[in-house]
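Structure, as C-alpha cells:
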Amino acid sequence: GNAIPEPIEICIGDTVNFDNLTNTLSIDCQNDSFLWSISPVSSTAYQFVNNTDEDSISPDVIFNEPGTYQVTLNASNNCDQDSITKPITVLDVPTVDFIPSSLDICETINENTDCYTLDFSDPLLSPTYNFNSSQDPLYNWTISGGVLGVDYTFENGTSQDSKYPIIKFCTFGIYQLTVSINGVSCPGSDNSTFTFTYEQTPIIENNNLLQELCSGDQTQEVVYNSDMPSATYSYTITADAEISGYEGIDFINGIPIITLINSPPSHVTNNLTIPFTPTIVNCTGNPTAFLFTLTPTPLIPNPTTAICSE
C-alpha cells in the first residue's frame, strides 16, 4: 500500500514533497522500486527538484503552472506491485484586467439630473478576474478624480470592497477607478485601472430661430449661444434655388448681416435653412436650425399691346 499525503491544494511556485508511505519501506530485501508520474505531462508545468526525480522514494516537485494534476505512484517489489492516484490543485496568484479599459459618456446638464451609473456586474464593464482558488481574493476599489459621497456614491449595498460595485456619478469629470486584489489562499496581488470620462454635452440656447423677410431685405445678426461658452460650432446650408446672397459666407461663428434675394421670376416664398451644431471636445449636441423665409418682390409685367387703327 502507499499514499500521497495532503495538502491537496498548493500555490504556484511552491515546492511540494510527495511523501512515500508504502508499507514495505521498512522491510529489507524487498527490492522496492518506485515510479512517480504526473498528468497531464508537461515539460514546463512542473519539475523535479532537490536532486530527486520520478524514481525517487519521496521526490520534491515545483509546479510552475496552475491547474489540477493527477499524481500517480507505482510501487513494486519481489512480491507484487500497487499504484495509487490522487489529484493536486495548483492555485494561481490572482490577476485582474479591464477589457475595454475606458468608457466615454456625454450627457446634457438636464440628463445629468439623474447622474450616471456604472454597474460593474455588467459583462460589458466588468473586470476580468483570473484565479482558480476556492476562496475569492480580497477586493478594494479606489477612485481618483472626485470626492466620495459628493461626486460619486456606491449604490445598492455595494462598497469599495465589492467584487462588482455599482457606482453613481453625479459630477462631470475624468475618473480613474482602480481595483486591487489580494490573494487569500495564495499570497500575491494585482490591480487594474478603468478610466471613466463623463463629459457635458452643450445645449443650444438661441430662441429666435425664424426671420421672415422680403426679397432684398437685410437679415438680423445671429450670435450662436449655448449653455457652454467654450463650445464650437459646425453648420450646413439648405436653400431653395431662387435664394441668393449667402454664397461664400462663413457661418462658423454666427450669421452676419446679409442681404438675401428671392430672385425673379419666383412668385412664391422660398427658404434658406442654416442648421448649426455645438460641440465640446468629444461631445456633440443636437443641431438647431435657423430659418429665413423670403417673400418675392412684386413684379408687374409690361406687356406690349398692338392696336389696330382704321
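In the set (1) assigned to a loop (DSSP other than H, G, I, E, B); (2) among the polar types (S, T, N, Q); (3) within 30 Å of THR113 (Cβ to Cβ), the condition left unmet by GLN220 is number (3).
Could you tell me whether ASP97 is acidic (Asp, Glu) and either under 22 Å from GLN135 (Cα atoms) or modelled with pLDDT of 90 or more (or both)? Spelling it out, ASP97 is indeed acidic (Asp, Glu) and either under 22 Å from GLN135 (Cα atoms) or modelled with pLDDT of 90 or more (or both). May I ask you to list the residues in segment 75-96 that are of a type in the set (D, E, K, R) and surrounded by 14 or more Cβ atoms within 10 Å (Cβ to Cβ)? Once the filter is applied, which keeps residues that are of a type in the set (D, E, K, R) and surrounded by 14 or more Cβ atoms within 10 Å (Cβ to Cβ), segment 75-96 yields ASP82, LYS86, ASP92.
Among the criteria (1) surrounded by 14 or more Cβ atoms within 10 Å (Cβ to Cβ); (2) modelled with pLDDT under 95; (3) under 30 Å from GLY188 (Cα atoms), the one ASP60 does not fulfil is (2).
When we screen SER189, SER162, SER185 for residues that are open to solvent by 50 Å² or more (accessible area, probe 1.4 Å) and small (Gly, Ala, Ser), the only hit is SER189. Can you find, within segment 28-55, the residue that is nearest to the chain's Cα centre (by Cα) among those that are farther than 16 Å from SER83 by Cβ and among the small types (Gly, Ala, Ser)? That would be ALA45.
Every condition in (1) in contact with a helix residue (DSSP H, G or I) (Cβ under 8 Å, 6 or more places away or on another chain); (2) surrounded by fewer than 17 Cβ atoms within 10 Å (Cβ to Cβ) holds for GLN200 except the one numbered (2). Residue selection: ASN77 fails the criterion of being at pLDDT below 90, at positive phi and not β-branched (Val, Ile, Thr). Among the residues here, PHE120 does not qualify as aromatic (Phe, Trp, Tyr), closer than 30 Å to TYR233 by Cα and within 17 Å of the chain's Cα centre (by Cα). Just to verify a result, which residue in segment 39-57, among those that are farther than 19 Å from ASN17 by Cβ and open to solvent by 60 Å² or more (accessible area, probe 1.4 Å), is modelled with the lowest pLDDT? Ranking the qualifying residues of segment 39-57, first place goes to SER43. Among the residues making up segment 27-41, those that are more than 14 Å from ILE88 (Cβ to Cβ) and part of a loop (DSSP other than H, G, I, E, B) are ILE27, ASP28, CYS29, GLN30, ASN31, ASP32, VAL41.
Checked against the criterion of being surrounded by 17 or more Cβ atoms within 10 Å (Cβ to Cβ), out of contact with any strand residue (DSSP E or B) (no Cβ under 6 Å at 6 or more places or on another chain) and aromatic (Phe, Trp, Tyr), the candidates PHE120, PHE194 yield just one match: PHE120. Being among the aliphatic types (A, V, I, L, M) and farther than 23 Å from ASN271 by Cα is the filter; apply it to segment 203-249 and report the residue that is least open to solvent (accessible area, probe 1.4 Å). For segment 203-249, the residue satisfying everything is ALA231. Scanning segment 97-117 for residues that are surrounded by fewer than 17 Cβ atoms within 10 Å (Cβ to Cβ), among the hydrophobic types (A, V, I, L, M, F, W, C) and touching an Asp or Glu at 6+ places or on another chain (Cβ under 8 Å) gives ILE105, ILE109.
Annotation: of all residues in segment 136-147 being of a type outside the set (A, V, I, L, M) and part of a loop (DSSP other than H, G, I, E, B), the one that is least open to solvent (accessible area, probe 1.4 Å) is PRO137.
Among the residues of segment 123-144, those identified as over 17 Å from the mean Cα position of the chain (by Cα) and touching a residue at least 40 places away in the same chain (Cβ under 8 Å) are PHE131, ASN132, SER133, SER134, GLN135, ASP136, PRO137, LEU138, TYR139, ASN140. In the set PHE169, PHE194, only one residue is hydrophobic (A, V, I, L, M, F, W, C) and touching a Pro at 6+ places or on another chain (Cβ under 8 Å); that residue is PHE194. All of (1) small (Gly, Ala, Ser); (2) at negative phi; (3) over 20 Å from the mean Cα position of the chain (by Cα) hold for GLY216 with one exception: (2). Contact map, segment 273-291: first residue under 20 Å from ASN110 (Cβ atoms), second residue open to solvent by 30 Å² or more (accessible area, probe 1.4 Å) and of a type in the set (Asp, Glu), Cβ cut-off under 7 Å, separation 6 or more or different chains; pairs are ILE280/GLU199; VAL281/GLU199; ASN282/ASP104; ASN282/GLU199; CYS283/GLU199.
The values are calculated or read from the model by the stated rules, or taken from the named source; none is laboratory data. All values reported here derive from a predicted model rather than from experimental measurement. Every residue, glycine among them, receives a Cβ derived from its backbone with ideal geometry; neighbour counts consider all protein chains shown. Remember, those area values only see protein heavy atoms, side chains included, never the ligands or the DNA or RNA. Shrake-Rupley method; radii C 1.70, N 1.55, O 1.52, S 1.80 Å.
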